[in-house]
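What follows is a set of notes on a single structure, which appears directly below.
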Amino acid sequence: MKVIISITIVLFSIIDCAPFGLAKDKGEDLQTGLLLLGGNVPEGTPYIWDLPSGFPDPKIPENNPMTVEKVTLGRFLFYDTKLSENQTQACASCHQQDKAFTDGRTVSAGSTGQAHPRNAQHLSNVVYNLRLTWANPLLKNLEDQARVPMFGDNPVELGMKDKEDLLLSRLENDPIYPPLFRAAFPNDPNPFSLLNITKALSSFQRSLVSGNSAYDRFQAGDISALSASAIRGKNLFFGERGECFHCHGGFNFTDTILHTGTVFEEVTFHNNGLDSSSFISPNGGLYEFTFSESDRGKFRAPSLRNVELTAPYMHDGSLPDLISVIDHYANGGSGDGVSNPNRDPFVRSFSLTPSEKQDLVEFLKSLTDEDFVTNPKFESPF
Amino acid sequence: MKYVYICAFALSFAPFLWNCDGNSSSNETLALIAGSQALGSSSKPRGISFHAVVGDSEAVCGQEITGHGDSHSSSTVHALHVAGVMPIGLKDLRFYVSEFELVDENDNTIVLNIPDNGTWQYSGVTLLDFENASGSCTGTTATNKIVQIDLENKQYKTIRFTLGVPENLNHIDYSVSPSPLNISGMAWGWTMGYRFFVGEFYSNDSTSPGNSAVLHIGSSGCTEPSPGTYTCVNSNRPKIELSPSGGFNPFTQEIQFDLKKAFAGWDISAAGGGSKSCHSMGAMDGNCSAVYPNFGLDYSTGDVGSVSQSVFSILSK
């Protein structure tokens with residue numbers, strides 16, 4: 001403790017005005033100082049992954065190793081309405097477990113009632129996402145992404161802009177949190193910080209692994225897990241008629257994946273042939289970042305894990321159910337989207353009989369993981 | 001309140017420091033200023049002072065701002081108003097300034113090395129903060145209206161500065177950045193950057209109560225072609241150059257920012273839904289093109305435009 005105090009005083013006297021505000025964010029520097037002094041204290045209990053068969057090891061940011069304590073703290077924070085300025089919403093308000101962490105709405109609404117332009121994404125296997133949100137090429141880490149709903153004002157989600165001190169004092173004054181923060185960040189003399197909040201939230205979200213669907217059991221050898229219709233749908237999905245797998249392939253049913261074996265990060269966004277009215281302000285997709293007209297309407301292909309539970313569909317929630325989605329793709333797009341030059345080449349019309357469409361729906365439903373949406377570890381702790 | 005604590009703490013360690021808060025109205029800080037003065041420090045922080053107005057009125061929080069006309073003899077009613085409305089309630093007014101240069105009478109350019117001060121100034125970037133969280137204002141109680149630096153008491157031909165955070169600091173992690181680059185109200189998490197300028201107000205006009213005007217300027221069209229290296233299509237950093245006829249003396253003159261001129265070109269007076277916003281999101285954000293020229297920028301390129309900036313001017317203190 002003496003060491004901490006002396007380092008703190010040295011820091012204070014060097015950087016004069018800064019210390020109080022910075023102390024909250026200076027944890028890592030102090031931690032580094034302690035490490036240099038020989039006190040290599042483990043950060044917590046290493047989190048043991050219980051990965052489904054066929055799932056690769058997730059790649060975790062070096063500055064935020066997974067620990068049991070951070071996941072626990074993150075779970076409390078994820079479900080706590082103290083994270084919104086008016087204390088009406090938590091992360092879980094738009095990311096509800098029974099819906100695979102979506103909210104069932106066309107587009108979400110923030111804590112002040114302001115409509116979000118986008119449909120809430122599910123969080124199944126978000127640990128494997130190479131990029132986050134619908135089309136932001138800059139958001140690579142959940143830690144960075146978490147600040148958007150907390151502090152963003154266009155739209156307002158949790159409404160915490162300029163309220164960092166309020167947020168930190170709310171948490172510090174809740175008897176639940178001091179022990180949870182100290183356990184999650186044992187090397188940090190002042191664990192209550194924005195950075196640590198985002199680290200804990202990210203750790204909890206990274207634990208949201210879903211891989212025990214009927215499809216997974218089928219893949220593991222239980223051929224009774226899928227109905228005959230679902231098996232026909234699976235063949236359509238992975239076949240050259242449907243071509244669904246090009247954008248929704250692999251263990252996570254998407255084409256952008258990050259794990260420890262990833263050598264080349266291929267970041268892809270697609271225009272999926274929605275009507276151009278779906279791509280006007282503020283829903284330009286990748287165009288919002290590149291200002292390149294050829295990127296208008298390009299979005300990230302989301303994982304189809306638990307897709308049965310995540311309706312309505314698309315970035316703007318414009319398609320109400322799975323059969324509408326299949327009709328959209330079988331038609332090669334919707335409205336003027338069928339002739340959009342930005343349209344992905346795999347979005348082209350192909351013929352499916354009504355029963356084949358139903359087979360595809362059955363297959364997509366086989367990606368539902370009941371354990372995931374009922375797992376007590378992911379439930380609200382309150 | 002954060003800054004007040006910062007001040008109190010810092011002053012307890014270093015009583016000879018300038019007051020951290022250039023120009024706060026809070027009693028605690030005034031007491032601190034008095035304390036530091038009593039201890040024999042410089043009577044007033046030296047540097048380049050800023051002042052924010054709305055036409056003829058002060059840009060202040062906690063009260064209706066009215067009477068901001070150019071002239072009451074004008075026959076054009078909008079000339080009397082900000083974005084077509086009056087009175088207004090300020091919501092936010094903060095911006096980053098950097099890259100200061102002075103040109104002396106011998107045409108020597110002096111690049112100012114703005115010192116870090118732990119609160120408002122870091123690595124050449126200063127946050128000017130005209131809101132104090134009272135009334136309809138958001139943000140924090142602390143304010144800052146000065147770029148602190150020791151300058152000679154003399155006349156300069158020209159002062160130049162950039163409204164914005166330089167590119168080499170624009171994409172750092174704000175949650176662990178030194179103040180003033182660690183303020184969520186100025187961070188732009190969606191683009192992993194900063195908002196250089198935040199100006200927001202409400203209409204308190206009886207014809208359009210509650211309508212709002214929101215102007216956020218920051219670099220846009222940003223991508224990260226290789227890890228850690230960002231490029232932005234539109235820099236959106238106004239370059240301000242002021243060369244008043246009588247010159248500029250930082251001891252006797254200050255730089256005035258006029259909110260009314262910043263919002264010239266907008267009209268938010270339409271009843272029931274006349275609010276306007278510009279978040280600098282490129283062509284997705286059509287309202288920006290009318291107000292960017294007020295800052296001397298062409299919105300389509302984000303570079304210097306054909307019209308000179310009109311929002312900043314030099315006045316006597």
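Read the figures in this text as sums done on the coordinates, not as results from a lab. Just so you know, these numbers come straight off a predicted model, no measurement behind them. Counting neighbours? That spans all protein chains shown, and the Cβs are built from the backbone with ideal geometry, glycine included.
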In Å and on Cα atoms, what radius of gyration and Dmax does the protein assembly as shown show?
27.4, 89
In Å and whole numbers, how far do the C-alpha atoms of region B:188-314 stretch along each principal axis, longest first?
48, 47, 26
Please list, or write none, the lysines whose alpha carbon is within less than 27 Å of the alpha carbon of residue B:157, excluding same-chain residues fewer than 8 places away.
B:44, B:145, B:239, B:260, B:261, B:317
Which lysines, on any chain, are close to residue A:140 with Cα under 19 Å apart, when same-chain ones fewer than 8 places away are left out?
A:59, A:199, A:298
Which Rg and Dmax, in Å, describe the Cα atoms of region A:68-209?
14.4, 44
So what is the relative contact order for region A:214-366, in percent, with contacts set as C-alpha pairs under 8 Å and at least six apart?
31 percent
For chain A, set up a Gaussian network in which alpha carbons nearer than 10 Å are linked by springs, and say which option among A:231, A:48, A:323 fluctuates the most.
A:48
Per-residue ellipticity at 222 nm attributable to helices in the protein assembly as shown (runs of n ≥ 4 DSSP H, -39500 (n - 2.57) apiece, nearest 500 deg cm²/dmol) works out to -6500 deg cm²/dmol
What Kirkwood Rh does region A:40-92 have if only Cα atoms enter the pairwise 1/r average? Answer in Å.
13.4 Å
When N is the residue count of chain A, what does its C-alpha Rg come to as a fraction of 2.2 N^0.38 Å?
1.07
Relative contact order (%) - criterion: Cα under 8 Å, at least six apart; region: chain A:
21 percent
Report the residue, chosen from A:109, A:311, A:225, that carries the largest GNM mean-square fluctuation when chain A is represented by alpha-carbon nodes joined by springs under 10 Å.
A:225
Dimensions in Å of region A:197-313 - Rg and Dmax from alpha carbons:
17.2, 50
Tally the DSSP beta bridges in the protein assembly as shown and give the antiparallel ones as a percent, rounded to 5.
85 percent
Mind checking the angle between helix A:354-365 and chain A's longest principal axis? C-alpha axes, 0 to 90 degrees, to the nearest 10.
20 degrees
Around residue A:213: net Lys/Arg minus Asp/Glu count, Cβ-Cβ under 10 Å
-2
